[in-house]
Amino acid sequence: MQQTGSTSVAEADARLALARRIMAVAGHDLKQPLQLAIMSIELAAHSGNGALAERRLGVAQDALKRLNVELDDLARMSQVDDRLTPRIRPTALGPILRDLDSDWQGLAEAYGVSLAFDGPDIEVLTDRAMFKTILRNLIGNAVKYSERGGRVSVTARVAGSFVILDVADEGGGIAREKLERIFDAFDRGGRSDADGGLGLGLHIVRQTAELLAHPIAVRSIEGEGSVFSVALPLAAPAGRGYEAPARQ
């Protein structure tokens, strides 16, 4: 019994330490929409075209709204029991993809990258806010590290009792010898420092995925791009899918 008690305490301590690390770096999530808002406002200020300026201000407004949502998510995550206990429940995937599609098109446009979403409108077992944290970081990295004119795709597919969600980009890829460290804090897998980030995004992804018990994997070929995959338990039969509307 003593050993069992010691093991439980050790597991609780490890879980608490993991939660604290995630909360310590979660502010990284907030940087991207703020940067997008600043960039859009600056572009609008220097634009001589009223329609273009209005469009850029709209992008800034959307980014600030997303920042507000992420602050709400962070506050919610900090208030739950055990500091960061996932609320695993049946969660519709379609609305999450729709939200992310709306949230990230402005950033993709600013980077000159096309962003497409596609997946079945089904339910998965996850914590909605924490799962969106994973996707925000994967999508943000994919967009930032893609070449102008490139494409980022977010797709979901059913595989047995799981849903596999892939975030694929056409960036420079990651060297094989760097893949083992790609999820470490402050490691960019040899990518450029030009974005000014701290290399925390994928660390947040791995730590959050561990809390949710969602396996994550990466495939990458230098010069061709990368695919990050997350597996979630399926909660309901497949329904009508979500496909991003055609854009002008």
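The values are calculated or read from the model by the stated rules, or taken from the named source; none is laboratory data. All figures in this text were calculated on a predicted structure; none of them were measured in a lab. When we count neighbours, we look across all protein chains shown, and the Cβ atoms used for this are built from the backbone with ideal geometry, even at glycine.
Quick notes on this structure:
- Scope region 87-146; condition of a type in the set (K, R) and over 25 Å from Q207 (Cβ atoms); matching residues: R98
- In region 140-157, the qualifying residues are those that are of a type in the set (A, V, I, L, M) and assigned to a strand (DSSP E or B), and the one that is surrounded by the fewest Cβ atoms within 10 Å (Cβ to Cβ) is V154.
- Considering region 120-139, the residues that are of a type in the set (S, T, N, Q) and outside any strand (DSSP E or B) include one that is surrounded by the most Cβ atoms within 10 Å (Cβ to Cβ), namely T133.
- Of all residues in region 64-102, those satisfying the criterion of being modelled with pLDDT under 80, crowded, with 17+ Cβ neighbours inside 10 Å and within 15 Å of the chain's Cα centre (by Cα) are R66, L67, E70, D73, L74.
- Taken over region 1-29, the residue count meeting the criterion of being out of contact with any Lys or Arg (no Cβ under 9 Å at 6 or more places or on another chain), surrounded by 15 or more Cβ atoms within 10 Å (Cβ to Cβ) and modelled with pLDDT of 65 or more is 0.
- First in region 158-180 and within 13 Å of A116 (Cα to Cα) and surrounded by fewer than 16 Cβ atoms within 10 Å (Cβ to Cβ), second anywhere and of a type in the set (A, V, I, L, M) and modelled with pLDDT of 90 or more, Cβ under 7 Å, 6 or more apart: none
- One residue stands out among those in region 205-225 that are hydrophobic (A, V, I, L, M, F, W, C) and assigned to a strand (DSSP E or B): the one that is farthest from the chain's Cα centre (by Cα), which is I221.
Let's see how each residue does on (1) in contact (Cβ under 8 Å) with a residue 60 or more places away in the chain; (2) in contact with an Asp or Glu (Cβ under 6 Å, 6 or more places away or on another chain); (3) on the phi > 0 side of the Ramachandran plot:
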site: D118; (1), (2), (3): yes, yes, no
site: I122; (1), (2), (3): yes, no, no
site: K132; (1), (2), (3): no, no, no
site: N137; (1), (2), (3): yes, no, no
site: G140; (1), (2), (3): yes, no, no
site: R148; (1), (2), (3): no, no, no
site: R151; (1), (2), (3): no, yes, no
